[in-house]
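Please read the structure below before turning to the comments.
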Amino acid sequence: MTTHTTKMLILGSGPAGLSAAIYGARAGMAPIVVQGIQPGGQLTTTTDVENYPGFKDVIQGPWLMEQMQAQAEHVGTRLMWDTIVEVDLTRRPFRLIGDGGDVYEGDVLVIATGAQAKWLGLDSEEVLKGKGVSACATCDGFFYRGKKVAVIGGGNTAVEEALYLTNHSPDVTLIHRRDSFRAEKILQERLFAHKSVNVLWNKEVAQFVDGGGASGLVALELRDTVTGEMSRLDVEGGFVAIGHHPATELFRGHLDLDSDGYIAVQTGSTKTSVPGVFACGDVMDKIYRQAVTAAGTGCMAALDAERFLAEAEFELAEAAE
């Protein structure tokens, strides 16, 4: 068992965690990043990225994360391959334990564990991810300009994604397994008033149909949840919008979480309910969920952490006089 100590301990290695590491390293905090079960975060499973600033041409998600990691290491970050299984936030330095028994201690802790989109769990869905099947209209809607698309879900996310897709597609179908939405009333009113959106009630996706070769998704096979009758809807894009799982189980009982399980932070900051612990990226942001906003909050977390340490060290120095 090895103990790794640092001024700044970062959990998670997506855009939020690595941005925090870059700022933390440049501030002399010699951060350690514990990468977790998905090094690089969700962008490592994303192919074409067209909305990250600074790149004229389409870039690949895994390449972008490789560059962020290399930059973080170049300025003095240590990256550790480990998965944290236990945390102690009752005192500083904060103490985290990896699944192999290694101990990580940090004077401040930045949590950037992200969130995962919920999927339907179909084999055909897995095969066609990135080939017509997506869980983020804001990320991928641009690629379906002028094409027929469908959104699956019935909550705020689904209605918002359907409305967003009308910016690109003249034919958007929203598929819901029940006969009414859970979404807020005002969103429903906007949806029903939009001429480009059609709603299919009491339907669930039985299969995403693969056209083979380069064509990717060509249709959805639908099952009526009342009668069991099967039908087919020809589409070129299918967006699964049934919510996200924030990766916060490790911190339940240690930090305040909101009603959806995201880490609660003070408005306009990354400060959590425990002084010296900061949260950034999708683990605390259920509204925007973009790589660039995750990177922005990672920067905020590093600056918040730097100020916290400076104030703590000043108070110690004053007490010693």
So is Gln71 within 26 Å of Leu303 (Cβ to Cβ) and not basic (Lys, Arg) or not?
yes
Out of the residues in segment 63-91 that are open to solvent by less than 50 Å² (accessible area, probe 1.4 Å) and either in a helix (DSSP H, G or I) or among the acidic types (Asp, Glu) (or both), which is farthest from Ser134 (Cα to Cα)?
Asp88
Would you call Phe251 crowded, with 23+ Cβ neighbours inside 10 Å, of a type in the set (A, V, I, L, M, F, W, C) and out of contact with any strand residue (DSSP E or B) (no Cβ under 6 Å at 6 or more places or on another chain)?
yes
Test for Ala291: is it open to solvent by less than 20 Å² (accessible area, probe 1.4 Å), under 14 Å from Ala20 (Cα atoms) and either in contact with a helix residue (DSSP H, G or I) (Cβ under 8 Å, 6 or more places away or on another chain) or of a type in the set (A, V, I, L, M) (or both)
no
Selection within segment 164-192 - open to solvent by 20 Å² or more (accessible area, probe 1.4 Å) and either among the aliphatic types (A, V, I, L, M) or touching a residue at least 40 places away in the same chain (Cβ under 8 Å) (or both)
Arg177, Arg178, Ile186
More than 23 Å from the chain's Cα centre (by Cα), open to solvent by 80 Å² or more (accessible area, probe 1.4 Å) and acidic (Asp, Glu): does that describe Asp234?
yes
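State which residue is farthest from Ala117 (Cα to Cα) when the search covers only segment 30-48 and only residues that are of a type in the set (A, V, I, L, M) and open to solvent by 10 Å² or more (accessible area, probe 1.4 Å). Break it down into steps so the answer makes sense when it comes.
The first filter runs over segment 30-48 and keeps only residues of a type in the set (A, V, I, L, M), leaving 30, 32-34, 37, 43.
Of the ones still in play, those that are also open to solvent by 10 Å² or more (accessible area, probe 1.4 Å) are 30, 37, 43.
Details: Ala30: 32, Ile37: 15, Leu43: 12 Å.
My answer is Ala30.
The values are calculated or read from the model by the stated rules, or taken from the named source; none is laboratory data. In this text, all values refer to a predicted model and were calculated from it rather than measured experimentally. In this analysis, Cβ positions are derived from the backbone assuming ideal geometry, glycine residues included, and neighbour counts consider all displayed protein chains. Ligands, DNA and RNA are excluded from the accessible area calculation, which covers all protein heavy atoms including side chains. Shrake-Rupley method; radii C 1.70, N 1.55, O 1.52, S 1.80 Å.
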